[in-house]
Protein chains: 2
Amino acid sequence: MEKRRANSSDRQSSEKTEAILAGAMQEFLAGGYAATTMDRIASAASVSKATVYSHFQDKETLFIALIERLAQEKFRGAFNSPDPQMLEKEPEIALRCLAANMLDTSQTHLLDFIRIIIGESGRFPALARAFVQHIEKPVHDEVRQYLASRAELKLADPDSVAQIIIGTLVHFSIVHHVLQSSDILPVERDRLIDNLITLITIQPEKSRTCQSQG
Amino acid sequence: MEKRRANSSDRQSSEKTEAILAGAMQEFLAGGYAATTMDRIASAASVSKATVYSHFQDKETLFIALIERLAQEKFRGAFNSPDPQMLEKEPEIALRCLAANMLDTSQTHLLDFIRIIIGESGRFPALARAFVQHIEKPVHDEVRQYLASRAELKLADPDSVAQIIIGTLVHFSIVHHVLQSSDILPVERDRLIDNLITLITIQPEKSRTCQSQG
DNA sequence: GTCTATACCGCGATAGAC
DNA sequence: GTCTATCGCGGTATAGAC
């Protein structure tokens with residue numbers, strides 16, 4: 001980590017900007033918009049409050065900039081399956097991998113992000129729509145495209161089935177990790193994935209028996 | 001301004017309490033916890049701020065009392081199907097009715113309630129768990145019990161299928177009515193219900209022996 | 001650009017009259 | 001119990017030194 005000996009107002013400002021955004025992310029995701037103070041953001045970023053205001057016009061501007069940045073950079077593709085080779089296997093395997101991956105990546109800060117998007121959707125409806133546009137929609141398109149590419153699944157409406165998959169997994173993640181109620185609802189992760197994939201892959205004409213992963 | 005000549009501490013207090021809770025509901029559901037002020041609650045209830053404090057210890061106590069009351073009274077059974085006679089029809093019909101009813105009743109204030117439960121789940125985790133306990137879980141139990149009672153559906157795990165139904169519908173409601181993104185995701189309500197019910201009710205000709213874990 | 005210090009206001013909560 | 005009026009704190013945002 002190198003530091004210029006010359007003018008302190010060098011290209012430090014971009015580093016400060018990043019620090020402010022990082023501090024703002026930490027505070028906003030933890031407490032929501034109204035409960036987060038500019039003092040705490042400045043403290044989390046290790047800068048003064050005036051510095052925050054020199055980089056962002058006001059609290060609302062900072063919040064919008066942060067959320068849009070997170071939607072377009074950090075969490076875009078958060079649900080993507082890491083191994084495209086997996087998609088060439090049998091649909092049962094590929095879908096199971098995709099579902100497991102969605103639930104795993106959800107356990108990061110993405111669920112805090114979803115919580116604040118939902119929680120602030122009344123005050124910032126445009127950000128809620130940007131979330132669907134840049135995060136939910138790409139996942140939906142990817143899943144739908146995969147489902148449609150597998151003709152042997154014989155799905156009449158891949159769009160709807162994609163919605164069922166994503167809805168099931170997102171709802172599961174919210175109940176378990178946002179609402180922290182794993183002990184109240186009885187269904188565990190792997191059981192739910194098994195049954196979800198089975199519903200989709202086992203078709204009337206095929207009469208196949210289900211083999212569970214061991 | 002009419003006033004009782006007798007003791008002013010009549011049974012007016014309970015009416016005031018109801019007015020305060022109604023005002024608090026309106027304000028909290030619209031703005032969330034931190035952004036809502038006691039002044040606005042008092043104004044919405046048409047009482048003075050001191051009166052609010054004479055009925056509730058502080059803002060947090062009022063919020064908790066309101067949310068617990070809503071969970072146990074107003075929104076309990078919000079998803080219940082209004083016509084129990086419907087359950088005796090064919091499963092396709094009954095499930096379709098149940099799904100449509102869930103999406104209809106969701107369009108009331110219940111989704112504002114879900115939004116604040118999710119949004120404040122970091123600050124009030126106990127309320128989030130109470131929501132799952134008193135609202136989500138009863139719906140889950142009802143759906144699971146119905147699915148299990150219909151042996152012809154041959155469902156290996158009614159618990160998981162109930163989760164898939166509820167997850168699909170709740171996620172749909174959140175995307176459309178909370179995140180206000182009906183135009184971004186392509187699947188409409190009836191199409192989604194059709195495909196969801198079809199996945200569940202149309203079974204392979206041979207019996208399904210899928211079980212993931214004992 | 002970055003800091004310290006501050007102006008200004010609104011919020012939660014209370015005091016005291018009635 | 002209910003009101004008006006107020007206190008004290010902490011919030012956003014800014015001024016001015018460096």
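The values are calculated or read from the model by the stated rules, or taken from the named source; none is laboratory data. Everything numeric in this text was worked out from a predicted model, so none of it was measured. When we count neighbours, we look across all protein chains shown, and the Cβ atoms used for this are built from the backbone with ideal geometry, even at glycine.
Considering only residues that are among the basic types (Lys, Arg) and surrounded by fewer than 21 Cβ atoms within 10 Å (Cβ to Cβ), which ones fall in segment A:138-169?
So the first thing to find is which residues in segment A:138-169 are among the basic types (Lys, Arg), and the list is A:144, A:150, A:154.
Residues satisfying the conditions are A:150, A:154.
Evaluation of residue A:176 against the conditions (1) surrounded by 23 or more Cβ atoms within 10 Å (Cβ to Cβ); (2) part of a helix (DSSP H, G or I) shows that the sole unmet condition is (1).
Pairing residues of segment A:52-67 that are within 14 Å of another protein chain (Cβ to nearest Cβ) with residues that are modelled with pLDDT of 95 or more and more than 13 Å from DNA strand C (Cβ to nearest atom), at Cβ distances under 7 Å and at least 6 apart in sequence or on separate chains, gives A:63/A:28; A:63/A:33; A:67/A:127. For segment B:159-175, the tally of residues that are in contact (Cβ under 8 Å) with a residue 12 or more places away in the chain and over 18 Å from residue B:97 (Cα atoms) stands at 2.
The helices (runs of 4 or more DSSP H) found entirely in segment A:88-138 that carry 3 or more residues being free of Cβ contacts under 8 Å to residues at least 40 places away in the same chain are A:91-106, A:125-131. Taking the criterion of being away from DNA strand D (no atom under 11 Å from the Cβ), more than 20 Å from residue B:32 (Cα to Cα) and crowded, with 17+ Cβ neighbours inside 10 Å, the residues of segment A:18-53 that qualify are A:19, A:20, A:21, A:23, A:44, A:45, A:47.
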